[in-house]
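Okay, so here's the structure we're looking at.
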Amino acid sequence: MSLTLTGPLYWSCMERMAARIADCGDYITALDAATGDGDHWVNLNMGFTELLEKKEELRDLELPDLFQAIAKILMTSIGGSSGVLYATAYLAAAKRTAGLTEIDLPELGEVLRVMAEAIMRRGKSKPGNKTMVDAIEPAARAMREAAAGGKGETEILSAMKQAAMAGAERTKDMPALRGRAYYQADKGVGHLDPGAVTMSYQLAVLADRLMEEIGDSAGETPESAFDAASPNAWNDKGMTYFDDAFDKARICFSRALALDPFHARYYHNRGRKGLSLDRFQEALADFQTVMRLDPEDDDSRHYCGVAYFFMGMYREAIEEFRDSLRLMIKNGVALIPPTVDWAWMAYMRLGEPERAKELLDEYVTPDMPCEQCDYNYKKRVLLYAGCTTPEEFEREIDRDDDVLGLTATYGLALYYRYLVEDHARCVEYLRQVLAYRTSHHAFAYKLAAMDLAELA
């Protein structure tokens, strides 16, 4: 049975959006303070809080009436230009759905399109201007393209969500063309746009909630297959999705946590999928919860560092990687090579090659212990430490396995960028990484895309 979006279902999405916005206050305020007034979150949260206070009036409305009511409330409760833009978007959605009580996913893609176009008209903006448009416009486009390409419902929603998150991430490299950031010397380059980030959060929540609905209506509810009251059953189900259906896996881990909110491994698993989905702030929160529950968990501390790294907080990442290494040695865990690799990358990004070399001298030897699955990381740190040549390293790359191939190739790109300072060769290897046809969720692929955008 195909998903149909009704007013009450969309309202349930709005409730989750409000919770997501409420949770990200410190992070969004810090983003906004770097380039603007620092009041974006306060204003947006005020609007969503007002919506929740009108719950009894809104939750049973049909779609066009709900969109109309949301527009009116946000117009009067969100300060600044954001209130006008959100109201304009929802008025466009109300007009698009006039006379309809429910819509399917292709039609939702059209609703997002008209919302994005309304924001662009009213705000005199377009993609690339470092605004909320950079999240909603690519999301709408990705959703329509996936639907037109015959993709399944979960794939359509996943495409929308990924495009929104990636669009927000791209604003980090964009110069601002309006607002306070425009008057800064760097025009905000190097900083994410808070409006794009909060818009991407809302679209991600919308996708997650609808994918959850699809899972339930498709007969994937636990009542028909396993014990719904068992958190471990939900965790096991999540692990079946772990390597390919990241959204479904994350939903399962969340349901496990709803039943057992003090289980460190469930938080760890959900955090891992947060990283896969580029939801770095949420992943960080999960790993930090693990560390409160189990301070000796070296693995979650490592991934906490990974989350910080992707957020550009390299000093904090190094601190976590160092603590993870200390715990690994204490716990007798053979996972040192990947953690050393990440810490080395962080030092190099901070422009501290001496500290990076000291790290290699401290931990890297040809006979250092290593799990088989992390052997590529061992070869990478041996390359950085001068224990092997780039020619030898390249000959051993397994190009028949995309994950192994792109992970090793990215190591060569780093070698030529930081140790040889041959940016042309670095770019060559970065492009080889991005040429792999699968495994685009791999960390090396994501990092290569970031690096290429910076260098090329």
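Before moving on, here are some points about what is shown:
- HN-Hα J in Hz across segment 161-169 - Karplus 6.51, -1.76, 1.60, θ = phi - 60°, x for Gly and Pro: 5, 4, 5, 5, 5, 5, x, 5, 5
- Sparse packing (at most 13 other Cβ atoms within 10 Å of the Cβ) combined with a DSSP loop state is found for the following trypsin sites (Lys or Arg not before Pro) in segment 330-408: 399.
- Solvent-accessible area per residue for segment 34-153 (1.4 angstrom probe, square angstrom): 45 Å²
- With respect to the chain, whose longest principal axis is taken over its alpha-carbon atoms, helix 402-414 is tilted by about 70°.
- Within the chain, longest stretch free of exposed chymotrypsin sites (Phe, Trp or Tyr not before Pro) [DSSP loop, at most 16 other beta carbons within 10 Å]: 1-225
- Label zone at residue 100, where the point sits 7 Å out along the Cα-to-Cβ direction: segment 60-74 residues whose backbone N lies under 11 Å: 63-64
- Restricting the GluC sites (Glu not before Pro) of segment 54-88 to loop positions (DSSP other than H, G, I, E, B) with no more than 12 neighbouring Cβ atoms within 10 Å leaves nothing.
- Here residue 22 and residue 151 are evaluated by their C-beta separation; at R0 = 30 Å the FRET efficiency comes out at 0.40.
- Accessible-area composition of the chain, carbon plus sulfur, in percent [1.4 Å probe]: 50 percent
- Averaging the sequence gap over all C-alpha pairs within less than 8 Å and six or more residues apart, then dividing by the number of residues, gives the chain a relative contact order of 8 percent.
- Cα long-axis angle, helix 133-148 against the chain (0 to 90 degrees, to the nearest 10): 90 degrees
- Here the calculated FRET efficiency for residue 60 and residue 373, from their Cβ-Cβ distance with R0 = 45 Å, stands at 0.30, rounded to the nearest 0.05.
- Using a Förster distance of 25 Å, the FRET efficiency for residue 352-residue 392 (Cβ separation, nearest 0.05): 0.35
- Answer label for Cα extents along the principal axes in Å (calculated), chosen among (i) 92, 91, 62; (ii) 69, 57, 41; (iii) 89, 47, 37: (ii)
- Rounded to the nearest 10 degrees, the angle from helix 375-384 to the longest Cα principal axis of the chain is 60 degrees.
- Neighbour-limited loop hits for GluC sites (Glu not before Pro), segment 370-429 (at most 15 other Cβ within 10 Å; DSSP other than H, G, I, E, B): 371, 396, 421
The values are calculated or read from the model by the stated rules, or taken from the named source; none is laboratory data. Just so it is clear, the structure is predicted and the values come from calculations on it, not from any experiment. Here Cβ is always computed from backbone atoms with ideal geometry, including for glycine, and neighbour counts include all displayed protein chains. Protein only, heavy atoms only, side chains kept; ligands, DNA and RNA dropped before computing areas. Shrake-Rupley method; radii C 1.70, N 1.55, O 1.52, S 1.80 Å.
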